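The values are calculated or read from the model by the stated rules, or taken from the named source; none is laboratory data. Remember, predicted model here, so these are calculated numbers, not experimental data. Cβ placement follows ideal geometry from the backbone for every residue including glycine, while neighbour counts extend to all protein chains displayed.
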Amino acid sequence: MAESIAILVTGGAGQVGAELQAHAWPAGVKVLAPARSELDLTDAASVAAWFSANPVAAVINPAAYTAVDRAETEVGAAFAANALAPALLAEATKAAGVPLVHVSTDYVFDGQGDEFNAEDAPVAPLGVYGASKLAGELAVRSGNPRSVVVRTAWVLSVHRANFLKTMLRLAGDRDRVSVVADQFGCPTSARDIAQALATITLRMMADPTAPTGVYHFVNAGETNWSGLAQEIFSQSARHGGAFAEVTPITTADYPTPARRPANSRLSTAKITADYGVTPRPWRDAVAEIVEELSNRSVAP
């Protein structure tokens, strides 16, 4: 691969963005992760100027407005980040003749049924966040033919705020936590998402005929939020960390401004078939994250 091939990674401060920057890219590939002061994804002039000054071979877009509940009242902000920004990136990457790999979400589904949703399952968002992400998917797919949309769910990592870190924090303050048990999905490591995105991006850079369209990536297996919390505490206890008993509750017991999909299970057969990406079990991913956090807490 030629020297100094650049890939733009948006949302560099987020969970997936951080892992993409830490990823072991091939020699000669550098990641550009500009701050918003350098690249405002919601401003057409900023996007055009940045691309003019920074030739790239591909773009990976995990940047998003992810405040699911706040989106119900901040509709404009959600659609600016989740729909307008991907539209501008699609336009810029098409003009530059480079692939765009865009990250989306299980929230594009209504969560009905108990099957693993395939990529072509009917979409029907329950709220503003899901609707804005679906709009972003459509903008990417229609704006740049050389694009891939990767839907994921229940993202966990050592970075930023997420369910795993919240559970460990709560366990430091109390002996028991109540966690929803009637929403099902696939907990997923941000590091594993980054690996999948890198695999797809490098293939698209090297092969103009690489598959395009919508894919799902989550870690293998399924659970509910209560089961995930129990696994987090079990892994934490093995390292002498925080532990709490888990009381399963229903969604009705924990009302939120935005409705959550009851079924967030995503099928990953397509990404395995087309890109050779085989997700590892979610428990292995959780164990790795808890161990890393534990090692950080005891480091000198």
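Would you check which residues across the range 268-293 are closer than 22 Å to Pro122 by Cβ and within 16 Å of the chain's Cα centre (by Cα) and list them? Those that are closer than 22 Å to Pro122 by Cβ and within 16 Å of the chain's Cα centre (by Cα): Thr268, Ile271.
Checking the structure you have, find out if any residue of the range 155-169 is surrounded by fewer than 17 Cβ atoms within 10 Å (Cβ to Cβ), more than 29 Å from Gly136 (Cα to Cα) and of a type outside the set (Phe, Trp, Tyr). Yes; the residues of the range 155-169 include at least one that is surrounded by fewer than 17 Cβ atoms within 10 Å (Cβ to Cβ), more than 29 Å from Gly136 (Cα to Cα) and of a type outside the set (Phe, Trp, Tyr). Scanning the range 265-300 for residues that are within 25 Å of Gln230 (Cα to Cα) and in contact with a Phe, Trp or Tyr (Cβ under 7 Å, 6 or more places away or on another chain) turns up Arg265, Leu266, Ser267, Thr268, Pro279.
Taking the criterion of being closer than 13 Å to Ile271 by Cα and crowded, with 23+ Cβ neighbours inside 10 Å, the residues of the range 202-217 that qualify are Tyr215, His216, Phe217. Among the residues of the range 176-204, how many are under 15 Å from the mean Cα position of the chain (by Cα) and among the hydrophobic types (A, V, I, L, M, F, W, C)? Within the range 176-204, residues that are under 15 Å from the mean Cα position of the chain (by Cα) and among the hydrophobic types (A, V, I, L, M, F, W, C) number 8. When Ser294 is tested against (1) at pLDDT below 95; (2) closer than 30 Å to Asp207 by Cα, just one condition goes unmet, and that condition is (2).
Close Cβ contacts (under 7 Å, 6 or more residues apart or on different chains) running from residues in the range 258-284 that are without any contact (Cβ under 8 Å) to a residue 12 or more places away in the chain to residues that are outside any helix (DSSP H, G or I) and surrounded by fewer than 21 Cβ atoms within 10 Å (Cβ to Cβ) comprise Thr272/Thr278. Scanning the range 11-32 for residues that are closer than 15 Å to Ala57 by Cβ and either modelled with pLDDT under 95 or outside any strand (DSSP E or B) (or both) gives Leu20, Trp25, Pro26, Ala27, Gly28.
When restricted to residues that are in contact with a Phe, Trp or Tyr (Cβ under 7 Å, 6 or more places away or on another chain), closer than 17 Å to Thr105 by Cα and of a type outside the set (Val, Ile, Thr), the range 66-87 contains 4. Residues that are assigned to a strand (DSSP E or B) and either among the hydrophobic types (A, V, I, L, M, F, W, C) or crowded, with 21+ Cβ neighbours inside 10 Å (or both) are absent from the range 123-136. Going by the structure shown, is Ser294 surrounded by 15 or more Cβ atoms within 10 Å (Cβ to Cβ) and closer than 21 Å to Ala153 by Cα? No. Filtering Arg260, Arg265, Arg296 for residues that are more than 19 Å from Thr105 (Cα to Cα) and under 24 Å from the mean Cα position of the chain (by Cα) leaves a single hit, Arg296. Would you call Ala242 touching a residue at least 24 places away in the same chain (Cβ under 8 Å) and over 24 Å from Tyr107 (Cα atoms)? In short, yes. Scanning for something more than 18 Å from the chain's Cα centre (by Cα), of a type in the set (Ser, Thr, Tyr), more than 21 Å from Gly17 (Cβ to Cβ) and not in a strand (DSSP E or B), does the range 140-150 turn up at least one residue? Yes. Screening the candidates Ser104, Ser46 for the property of being crowded, with 16+ Cβ neighbours inside 10 Å, without any contact (Cβ under 8 Å) to a residue 40 or more places away in the chain, touching an Asp or Glu at 6+ places or on another chain (Cβ under 7 Å) and on the phi < 0 side of the Ramachandran plot yields one hit, Ser46.
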